[in-house]
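Written below as structure tokens is the structure these notes are about.
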Amino acid sequence: MLHEQIATALNEQIKLEAQSSHTYLAMAVWAETNGFDGTATFLYAQAEEERMHMLKLMQFVNERGGLANVPALEAPVETYDGVEAIFRSILAHETSVTASINSVVDQCLSIKDYTTYNFMQWYVAEQIEEESMARMLLDKLALAGGDRGALYLFDRDIVGLGKESAN
Ligand code: FEO
């Protein structure tokens with residue numbers, strides 16, 4: 001049976017993953033309607049991945065005798081100053097998600113819930129990937145330096161960078 005404190009922490013994480021999916025979706029719509037089709041494809045895939053992160057948590061909570069809450073979400077930001085602004089925002093967001101996951105892990109250790117601790121290791125590893133992906137894309141954009149041709153190539157090449165680890 002899930003400890004109440006852990007159930008609460010996991011439900012907060014569920015909301016954060018759902019909000020992440022929502023945010024990526026809004027970014028994808030912006031990209032698609034501003035001529036960045038490759039970036040939109042990448043971001044739609046990220047939105048799906050975040051939904052999977054949410055579902056995985058929900059099922060774990062329910063299987064452990066808790067009750068997963070289907071969260072109310074805030075409206076995401078819909079306008080962006082450009083692709084670089086999107087990826088800066090993604091890096092800041094994913095850094096905050098990592099902090100939240102670390103907090104869940106800390107709480108698991110403090111009450112000796114090793115089952116949830118083990119389950120959360122998947123999320124710990126996933127966050128390393130997500131942060132490093134955002135940093136790598138920001139590095140590429142810094143190299144492009146706002147050059148239109150380089151941005152065109154960035155948008156073309158980003159399609160192949162979607163992760164295959166979505167499970
Ligand atoms: Fe599931 Fe990007 O955090």
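The values are calculated or read from the model by the stated rules, or taken from the named source; none is laboratory data. No experiment lies behind these values; they were computed from the predicted model shown. We place every Cβ from the backbone using ideal geometry, glycine too, and count neighbours over all the protein chains shown. Keep in mind that these areas ignore ligands, DNA and RNA; they rest on the heavy atoms of the full protein, side chains included. Shrake-Rupley method; radii C 1.70, N 1.55, O 1.52, S 1.80 Å.
How many residues are more than 18 Å from Leu10 (Cβ to Cβ), within 14 Å of the ligand (Cβ to nearest atom) and not aliphatic (A, V, I, L, M) when one looks only at the range 83-131?
Residues flagged as more than 18 Å from Leu10 (Cβ to Cβ), within 14 Å of the ligand (Cβ to nearest atom) and not aliphatic (A, V, I, L, M) within the range 83-131 amount to 8.
Is it the case that Phe154 is over 20 Å from Leu16 (Cβ atoms) and either touching a helix residue (DSSP H, G or I) at 6+ places or on another chain (Cβ under 6 Å) or in a helix (DSSP H, G or I) (or both)?
So Phe154 passes the test.
Please determine whether any residue of the range 151-166 is in contact with a Leu (Cβ under 7 Å, 6 or more places away or on another chain) and within 23 Å of Gln13 (Cβ to Cβ).
So far as the range 151-166 goes, no, none of its residues is in contact with a Leu (Cβ under 7 Å, 6 or more places away or on another chain) and within 23 Å of Gln13 (Cβ to Cβ).
Got a sec? Which of Arg148, Arg88 is in contact (Cβ under 8 Å) with a residue 40 or more places away in the chain and out of contact with any Gly (no Cβ under 7 Å at 6 or more places or on another chain)?
Arg88
Which count do you get for residues in the range 115-129 that are open to solvent by 40 Å² or more (accessible area, probe 1.4 Å) and within 16 Å of the chain's Cα centre (by Cα)?
Count: 6.
Is there any pair with a first residue in the range 38-67 that is of a type in the set (A, V, I, L, M, F, W, C) and a second that is not in a helix (DSSP H, G or I) whose Cβ atoms are under 6 Å apart and which are 6 or more apart or on different chains, and what are they?
Sorted first by the residue in the range 38-67, then by its partner, the pairs are Phe42/Gly162; Ala45/Gly162; Met52/Ala166; Met58/Ala68; Val61/Ala68.
Taking the residues in the range 130-156 that are acidic (Asp, Glu) and modelled with pLDDT of 95 or more as candidates, determine which candidate is surrounded by the most Cβ atoms within 10 Å (Cβ to Cβ).
Result: Glu130.
Are any of the residues in the range 141-158 within 15 Å of the chain's Cα centre (by Cα), at negative phi and not acidic (Asp, Glu)?
No - not one qualifying residue is present in the range 141-158.
Quick check on this structure: which one of Gln127, Gln107, Gln59, Gln121 is within 20 Å of Met27 (Cα to Cα) and at pLDDT 95 or above?
Just a single option satisfies the conditions, and that option is Gln127.
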